[in-house]
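Structure first, then comments.
The values are calculated or read from the model by the stated rules, or taken from the named source; none is laboratory data. Treat the numbers as computed from the prediction; the structure is a model and nothing was measured. Here the Cβ positions follow ideal geometry from the backbone for every residue, glycine too, while neighbour counts run over all protein chains shown.
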Amino acid sequence: MKIIDLRSDTVTKPTQIMREAMLNAIVGDDVYQDDPTVIRLEKMAAEMVGKESALFVPSGTFGNQLALLTHTNRGDEVILEANCHIKKYEVAGAAVIAGVQLNSIEGVKGEMDLSKIKQAIRSEDIHFPKTSLICLENATGLGTLLSLDYMEKVANIAKEADIHIHLDGARVFNAATALNVDALEICKHVDSVMFCLSKGLCAPIGSMLAGSKKFINKARKNRKLMGGGMRQVGIVAACGIISLEKMSKRLTIDHENAFYLADKLEQIPGFHVDRERLNINMVFVTVDDNINFPENYSELLFEKGIKVNGYRGEEMRFVTHNDIERSDIDYFVNILKTII
């Protein structure tokens, strides 16, 4: 039985081309910086986001925390949105690794009010920590986008205060697809960016951190400190090259499938799609209280070969990706109807 997995785009399987690339990858020792496949990937990644240099890292969380460690000093303060991934889903890594304090601002669909960002930047005072970094997320985990105009305004605030901006761009190519721009148009407003190869881009392992040469040189040493110095990693970097060359160009299919799924779900009485957050490959759904909707619906679906995250009483999230076809969506919706 085929398993239809709608939990996240982290579940994507490497393509056959990727598997063949792993088999044939030319490798070296990346700690010595002589793995030719990694070198090619890092050069390509830097060019695609408009930065001088890039660094291959094991995961998105690793890349974000490495950026914080590299941009800041212990005891500094970082401004970010209250519901962003760095704040909510990275195991308080900012406190443990970089030793920084997070100043979180409750945003609207992932967007912090500009006046509140200005207010959050600390002045010179013996009682205050130093504000050294602003973190943005685009696309957000809420399924929304930050506009280029908004990012430019945040960049102007940061420049005026002489502080840096890091972008959690785990799905920056989804954002670029939805905004109909190249990723570098998004990233030109930030000093560093992390993006994942292992989500919708289908690589089995890895993310990229990009920025200036000076920043990446420092980050490379910090990567070693954090235990991320890998050796013959060209085997997986070969997949990352395919992610950038091919998979980043097909994300519109995932977005269209998300819209298709949203339309199908709204045909079920009592189901409501949050259309204001239907910007990328994520569909957020709420269910009326009067619907006979079983709490164990994820278990019931799994019995039919469908994986979803458990219902938390507020909303459900379904994510489309390379391994999801229209026929899978039709099957899922039909099974969902039968359990209500």
*Can you confirm whether the range 131-153 contains a residue that is in contact with a Ser or Thr (Cβ under 7 Å, 6 or more places away or on another chain) and of a type in the set (S, T, N, Q)?*
yes
*What residue, of 42, 81, is touching a strand residue (DSSP E or B) at 6+ places or on another chain (Cβ under 8 Å) and within 23 Å of residue 161 (Cβ to Cβ)?*
81
*Among residues belonging to the range 146-162 that are touching a residue at least 24 places away in the same chain (Cβ under 8 Å) and closer than 14 Å to residue 119 by Cα, point out the one that is surrounded by the most Cβ atoms within 10 Å (Cβ to Cβ).*
158
*Tell me, which strands (runs of 3 or more DSSP E) wholly within the range 207-318 include 3 or more residues that are buried (at least 16 other Cβ atoms within 10 Å of the Cβ) and modelled with pLDDT of 95 or more?*
207-211, 282-287
*Which condition number in (1) in the same structural domain as residue 331 (by TED's automatic domain parsing); (2) within 30 Å of residue 21 (Cα to Cα) is the one that residue 237 fails?*
(1)
*asked:* I'm told residue 171 meets every condition in (1) surrounded by 24 or more Cβ atoms within 10 Å (Cβ to Cβ); (2) out of contact with any helix residue (DSSP H, G or I) (no Cβ under 7 Å at 6 or more places or on another chain); (3) without any contact (Cβ under 8 Å) to a residue 40 or more places away in the chain except one. Can you identify the failing condition by its number?
replied: (3)
*Pair list, Cβ < 7 Å and 6+ apart or interchain, from the range 67-86 residues that are more than 18 Å from residue 223 (Cα to Cα) and part of a strand (DSSP E or B) to residues that are of a type in the set (Asp, Glu) and at pLDDT 95 or above*: 81/137
*If you go through the range 271-304, how many residues are of a type outside the set (A, V, I, L, M, F, W, C), closer than 21 Å to residue 331 by Cβ and in contact (Cβ under 8 Å) with a residue 24 or more places away in the chain?*
4
*Subset of the range 89-98 [without any contact (Cβ under 8 Å) to a residue 40 or more places away in the chain and over 17 Å from residue 192 (Cα atoms)]*: 90, 91, 92, 93, 95, 96
*State whether one or more residues within the range 30-37 are modelled with pLDDT of 95 or more, closer than 27 Å to residue 177 by Cα and within 23 Å of the chain's Cα centre (by Cα).*
no
*Taking residue 322, is it in contact with a Lys or Arg (Cβ under 6 Å, 6 or more places away or on another chain) and not acidic (Asp, Glu)?*
no
*Report yes if residue 127 is assigned by TED's automatic domain parsing to the domain that holds residue 58 and in contact with a strand residue (DSSP E or B) (Cβ under 8 Å, 6 or more places away or on another chain), otherwise no.*
no
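Here is a yes/no grid of residues against (1) assigned by TED's automatic domain parsing to the domain that holds residue 145; (2) in contact with a Phe, Trp or Tyr (Cβ under 9 Å, 6 or more places away or on another chain); (3) within 28 Å of residue 169 (Cα to Cα):
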{"site": "261", "(1), (2), (3)": "no, yes, yes"}
{"site": "264", "(1), (2), (3)": "no, yes, no"}
{"site": "277", "(1), (2), (3)": "no, yes, yes"}
{"site": "280", "(1), (2), (3)": "no, no, yes"}
{"site": "283", "(1), (2), (3)": "no, yes, yes"}
{"site": "303", "(1), (2), (3)": "no, no, no"}
{"site": "315", "(1), (2), (3)": "no, yes, yes"}
{"site": "320", "(1), (2), (3)": "no, yes, yes"}
_Single unsatisfied condition, residue 169 versus (1) farther than 19 Å from residue 248 by Cβ; (2) in contact with a Phe, Trp or Tyr (Cβ under 7 Å, 6 or more places away or on another chain)_ = (1)
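Anything in the range 117-139 that is over 19 Å from residue 190 (Cβ atoms) and of a type outside the set (A, V, I, L, M, F, W, C)? List them, or say none.
119, 122, 123, 124, 125, 127, 129, 130
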*Taking residue 56 and the conditions (1) within 12 Å of residue 233 (Cα to Cα); (2) assigned to a helix (DSSP H, G or I); (3) of a type in the set (A, V, I, L, M, F, W, C), which numbered condition does it fall short on, given that it satisfies the others?*
(2)
